[in-house]
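The values are calculated or read from the model by the stated rules, or taken from the named source; none is laboratory data. Because the structure is predicted, anything quoted here is derived from the model rather than measured. In this analysis, Cβ positions are derived from the backbone assuming ideal geometry, glycine residues included, and neighbour counts consider all displayed protein chains. Ligands, DNA and RNA are excluded from the accessible area calculation, which covers all protein heavy atoms including side chains. Shrake-Rupley method; radii C 1.70, N 1.55, O 1.52, S 1.80 Å.
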Amino acid sequence: MEEINTLFGNLLAIGTGVAAAVSAFFVMWGAFLYMTAAGSPRQMEAGKTAILNALGGLAIVLLARVLAGIVQGAMA
């Protein structure tokens, strides 16, 4: 059982790290779109949408990590 918990913890840490990196990339991409919009409302909206989606995705991943930690703690 200990090996499964260790594997689960490692996979959870790797998944969270990858999700944080992807989210940071999309926040930067959205900021780039927003800053280079040159007054174009459509491109500014696309940048804001990319930033909000990236932050929303990161929030979902962090919530999933918390819930997985609760389940793992209940199983131990």
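For region 1-16: of the residues being surrounded by 11 or more Cβ atoms within 10 Å (Cβ to Cβ) and without any contact (Cβ under 8 Å) to a residue 12 or more places away in the chain, which is nearest to residue 66 (Cα to Cα)? So that I can check it myself, show each step before the final result.
Let us first name the residues in region 1-16 that are surrounded by 11 or more Cβ atoms within 10 Å (Cβ to Cβ), namely 5, 8-9, 11-13, 15-16.
Applying the additional criterion that residues be without any contact (Cβ under 8 Å) to a residue 12 or more places away in the chain yields 11, 13.
Values: 11: 14, 13: 12 Å.
So, considering only residues that are surrounded by 11 or more Cβ atoms within 10 Å (Cβ to Cβ) and without any contact (Cβ under 8 Å) to a residue 12 or more places away in the chain, the one nearest to residue 66 (Cα to Cα) is 13.
Considering region 26-73, the residues that are open to solvent by 90 Å² or more (accessible area, probe 1.4 Å), hydrophobic (A, V, I, L, M, F, W, C) and more than 30 Å from residue 5 (Cα to Cα) include one that is modelled with the lowest pLDDT, namely 38. In region 23-36, the residues that are touching a residue at least 24 places away in the same chain (Cβ under 8 Å) reach residues that are part of a helix (DSSP H, G or I) and of a type in the set (Val, Ile, Thr) with C-beta atoms within less than 7 angstrom, at least six apart or across chains, in these pairs: 27/51; 30/51.
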